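Below is one structure; the comments refer to it alone.
FYI, it's all coordinate maths here, none of it is from the lab. All values reported here derive from a predicted model rather than from experimental measurement. In this analysis, Cβ positions are derived from the backbone assuming ideal geometry, glycine residues included, and neighbour counts consider all displayed protein chains.
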Amino acid sequence: MHDPATRSRNMAAIRGRDTKPELLIRKALHSAGLRYRLNVRDLPGKPDLVFPRYRAIIFVHGCFWHQHDCHLFHWPATRQDFWREKIGRNVINDERAANALLEAGWRSAIVWECALKGRTRADFPEAVQRLITWIKGDEQTITIRGG
């Protein structure tokens, strides 16, 4: 078993930004001519992509870290109390950020990891087109998830 210091270093190695799913979305939207800012710290939840011109933000959520109800999420068998508390906090923080952004007049999208990988992944060009249409439109929220 690892000591707490090793466990802490391992947790620190987990990416909070520039993840593969996020990079896929960024590249596709940039190729479509959309320009954005990354991880804007002064917005609630530090959205992954911010489109000030459209007053729209996108979160690219990992299914495990944000407790998505899909095949990519399962509770770890060890340290269950720790994980339930940690992931539960993430879910609460997500809800708070979404509400604060809505109150501040931002439109928000969530792209779930399962939409981009795994056995239920969505058709990527179709998912990107849905995002582009949403960004340029006036719909308040959109969620893109695996099938």
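Worth pointing out:
- Mean Cα-pair separation over length for the chain, i.e. relative contact order, pairs under 8 Å, 6 or more apart, %: 21 percent
- By the Cβ distance rule of under 4.7 Å, the chain has these cysteines without a partner: C63.
- For the stretch 16-144, projected area of the alpha-carbon convex hull averaged over all directions, nm²: 7.9 nm²
- Over the chain, DSSP H runs of length four or greater, each weighted -39,500 (n - 2.57), average out per residue to a 222 nm ellipticity of -13000 deg cm²/dmol.
- Classified by the C-alpha gyration tensor, the stretch 43-100 has a prolate form. Its axis ratio a/c, with a ≥ b ≥ c, is 1.5 or above, and a/b is larger than b/c.
- Residues in the stretch 87-102 carry Karplus couplings, in order, of 5, x, 4, 4, 5, 4, 4, 4, 5, 4, 4, 4, 5, 5, 5, 4 Hz; the curve used is 6.51 cos²θ - 1.76 cosθ + 1.60 with θ = phi - 60°, and Gly or Pro positions show x.
- Amide H contacts for W65 (H built 1.01 Å from N in the peptide plane; partners 5 or more residues away or on another chain; cut-off under 5 Å): none found.
- By DSSP, the beta bridges lying fully in the stretch 16-144 are antiparallel in about 35 percent of cases.
- Proxy reagent accessibility, fewest Cβ within 10 Å first, across K86, K46: K86, K46
- Degrees between helix 124-136 axis and first principal axis of the chain (Cα, 0 to 90, nearest 10): 60 degrees
- The angle separating the long axis of helix 20-31 from the principal Cα axis of greatest extent in the chain is about 10 degrees.
- Amide H contacts of A56 (H built 1.01 Å from N, in plane; Pro and chain starts excluded): F51, R107 sit under 5 Å, all sequence-distant by 5 or more or on other chains.
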